[in-house]
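Read the structure below first, then the notes.
The values are calculated or read from the model by the stated rules, or taken from the named source; none is laboratory data. Please read these numbers as outputs of a predicted model, since none were measured by experiment. Every residue, glycine among them, receives a Cβ derived from its backbone with ideal geometry; neighbour counts consider all protein chains shown. All accessible areas refer to the heavy atoms of the entire protein, side chains included, with ligands and DNA or RNA removed. Shrake-Rupley method; radii C 1.70, N 1.55, O 1.52, S 1.80 Å.
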Amino acid sequence: MLAYLLIICVAFFVVAVMLVQLVGEYLFTQRVRDEQRITLELSQHMAESLLLSDAEAMYADAVSLSEGYESRILVLDMHGVVQVDSQSQLNGQRLERREVAEIIDGAESAYGFYVDSQAGNSLFGGDGTTGLYTAAIYSSAGPIGMLAYVSDAQEVYTSMREIQNRIVIWLVVVALCVVVMSLFISRFFTKPIEALNQGILRMTKGDFSSRVNIRGNNEFAQVGRAFNMMSERLESLDRSRNQFVSNASHELKTPLSTIKILIETLIYQDPMDPGMTKEFLSNINSEIDRLNGIISDLLSLVSIDSGEMRLKREKFRLDDMVRDCARKLAPLARERGIELEETVRDAVEITADKSKLMQVVYNVIDNAIKYTPRAGSVHVDMARAGKRAVIRISDTGIGIPEEDQKHIFDRFYRVDKARSRETGGTGLGLSIVKHAAQYHKGRISLWSDKDGTEITIDFPQN
């Protein structure tokens, strides 16, 4: 920030010096041109009286013109000798000046400036700087003399200094205003950047709850909103990761603990009844199957999250697959005393990963059976709707409370945790269903009340 202001000040100072110098040079040049123009006009005016050698007329004109221009006028011959002096001081004297010598050498005009103390015989009374302008006086035959116009140049320098001083004052005022505005503007720009920087630093330390205050609707506000959205997303992902690890650990720990207890009972118990031993081993086998199911689901989710899920697309009949899923789950429905009905209205052929879609339909029907009370019913309906195939699985189960419906596809989420574990659920099935459907550009929606639940899945026909 300080370096930025220093650069601004240095640049402004350079510009100010150049501006003051340019203004001074312009004023000085303009004054010189004006004085040269006057000298040339006066030389033309004196030409006739000099040609006639009319000293009285020349003197009268010189005095009159010097009073009008507030200056001193001298008429010289081509040898530099003063013929007429409006102040009658240098008559008959040779004027040894460079400007005179240049006219003698053939120049039309010349000028120079002197401090009165350097001028020898004073050309202009008083202290200060004197300007000496010379111009040749011509006749038809050529130059016959010259006119010397002596003016007080101190006024010019004084005016230039005053103007330059005013410019400097205004430039200083402007510079101060620029510095103040630069501080304000830089603060305006750097404050949100600093806030973002602090937020990023907190985020790098693991604090994903970091947010920045947003004001206005400019580019910085848009960046701030994007940062807040990113922070919120990262916080949600971090929370989901921690919850995922916690839930996965818990799900894996429960069957492992059960297996350990059963095995320790078999090891340390006195010889057991063969029937009880077989029952324990059957329970161990069931818990191992449960572990395999959890691990398979976890691996599926890891494959989905990493983007490594590969679809083995093939052409098959979706209606046959729905019938197959219903047929495989019919024994489970009969065992639980549930009526499973299947209605396929249209023959639909699609190109997709058959195993993944079968997992989707199978899991939804399986869930419907598990959460439907005895003597209830589950209905599977499939039909074509435009260019999409729609599958509806409805049940007369316990329903899903409204506050839980938005989380039903979240990982490890259970509406009734105790009952879910009784049915062997891990809370991962519907999450896998959702992602598998999305991989096939499918859509999944849920409707539920106290009388049952309906899940609708639709896929595009290829």
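Checked against (1) at pLDDT below 80; (2) open to solvent by 40 Å² or more (accessible area, probe 1.4 Å); (3) touching an Asp or Glu at 6+ places or on another chain (Cβ under 8 Å), GLY275 meets all criteria but (3).
Within the range 396-410, the set of residues being in contact with a Leu (Cβ under 8 Å, 6 or more places away or on another chain) and at pLDDT 80 or above comprises just one member, ILE400. Across the range 167-196, the number of residues qualifying as surrounded by 11 or more Cβ atoms within 10 Å (Cβ to Cβ) and over 30 Å from GLU219 (Cα atoms) comes to 5. When the residues of the range 325-349 are filtered to those that are of a type in the set (Asp, Glu) and exposed (fewer than 15 other Cβ atoms within 10 Å of the Cβ), the one that is nearest to VAL361 (Cα to Cα) is GLU341. The sole residue among VAL75, VAL32, VAL63 that is part of a helix (DSSP H, G or I) and under 14 Å from LEU132 (Cα atoms) is VAL32. You will find that of ALA347, ALA326, the residue that is in a loop (DSSP other than H, G, I, E, B) and on the phi < 0 side of the Ramachandran plot is ALA347 and no other. Select, from GLU108, GLU99, GLU155, the only residue that is under 29 Å from GLU25 (Cα atoms), open to solvent by 60 Å² or more (accessible area, probe 1.4 Å) and modelled with pLDDT of 90 or more. The conditions single out GLU108. Return a yes/no flag: does the range 79-95 have any residue that is farther than 17 Å from TYR133 by Cβ, of a type in the set (Asp, Glu) and either surrounded by 14 or more Cβ atoms within 10 Å (Cβ to Cβ) or over 60 Å from the mean Cα position of the chain (by Cα) (or both). Among the residues of the range 79-95, not one is farther than 17 Å from TYR133 by Cβ, of a type in the set (Asp, Glu) and either surrounded by 14 or more Cβ atoms within 10 Å (Cβ to Cβ) or over 60 Å from the mean Cα position of the chain (by Cα) (or both), which makes the answer no.
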